[in-house]
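Visitor: Next up is a structure, given as structure tokens.
None of the figures in this text is laboratory data; all of them are computed from the coordinates on show. The structure displayed is predicted, hence computed values, not measured ones. As a convention, Cβ positions derive from the backbone with ideal geometry for all residues, glycine included, and neighbour counts pool all protein chains shown.
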Amino acid sequence: MRPDDARAVVDALRSAGFDFAATLPATQVHSLQTEIHADPDILSVAVTNEGEGAAICAGAWMAGKVPFMVIETSGILVATYALLRCHATFGVPTLLLSTYRGQLGEQEWYAVQTGAALPGILEAMRIPSVVVEDVEDLRGALLDARRSMDASMHPVSVVLGGRVTRAVDKATELASHGQAPAGG
């Protein structure tokens, strides 16, 4: 994810009222996680497991915060038990902001199966979701997610599509191909 896009995502999260984040290291959203941890208006905690993140988000919600988790596609699978046992059972709204590894266009063989399973897993858990393919659409998606969370008292999912998470700035792209940026 490009740093400018990461800043736009954080602005959109704040605009929608999200003020607590649980994050787990993820390469595709590293710049987003960096922006979140640097933002003084968002209390953030780095966690060691997605289930732990879900539980911490539940505690944050009970303390009056509006929580979200930033995780990879596989993190939804790992957090399933905590989300069903705690969030669904007791009505704890949390935004699941995840990558979409395994989506059409994926280049990593190991991610294909988790991506194929993601829509069905979310549906089985009755977690409404939307895939966002353009950062410009994220502000509206996050506002909709917040409205749904408030109305349903249930987790919701905003999935960052590959065109958002695989995008890098031009200098990084050139460097990855062994080229120097113009003028540099």
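Visitor: Would you pull out the residues with amide H under 5 Å of ALA46's amide H, same chain only if 5 or more places away, H placed 1.01 Å from N?
Guide: THR23
Visitor: I've got another one for you. Taking the Cα centre of region 3-169 as origin and charging only Cβ (+1 Lys, Arg; -1 Asp, Glu), how large is the dipole, in debye to the nearest 20?
Guide: Using only the charged Cβ atoms, the result is roughly 520 debye.
Visitor: Assign unit charges at the C-beta atoms only (+1 for Lys and Arg, -1 for Asp and Glu), then state the dipole size of region 68-157 relative to its Cα centre in Debye, rounded to the nearest 20.
Guide: Computed charge dipole of region 68-157: roughly 440 debye.
Visitor: Let me check I've understood the local charge: for PRO25, count other residues with C-beta under 15 angstrom from its C-beta, Lys and Arg +1, Asp and Glu -1. What total comes out?
Guide: -3
Visitor: While we're looking at this one, here's another question. Neighbouring Cβ atoms within 10 Å as the yardstick, rank PHE68, PHE20 fewest first.
Guide: Fewest-to-most Cβ neighbours within 10 Å comes out as PHE20, PHE68.
Visitor: Could I ask something else about it? So how far apart, in nm, are the two label points at ALA116 and SER152 if each is 7 Å from Cα heading toward Cβ?
Guide: Modelled inter-label distance: 2.6 nm.
Visitor: Over the chain, what is the relative contact order in whole percent, taking alpha-carbon pairs under 8 Å and six or more residues apart?
Guide: Averaging sequence separation for qualifying contacts and normalising by length gives 23 percent for the chain.
Visitor: Multiply the residue gap between ASN49 and LEU143 by 0.36 nm, knock off their C-alpha separation, and tell me the result in nm, one decimal place.
Guide: That pair, ASN49 and LEU143, stretches by 31.2 nm at full extension.
Visitor: Can you sort CYS86, CYS57 from fewest to most other Cβ atoms within 10 Å of each residue's own Cβ?
Guide: CYS86, CYS57
Visitor: Now a separate question. Pick from VAL164, VAL70, VAL130: which residue has the top mean-square fluctuation in a GNM of the chain where Cα pairs under 10 Å get a spring?
Guide: It is VAL130.
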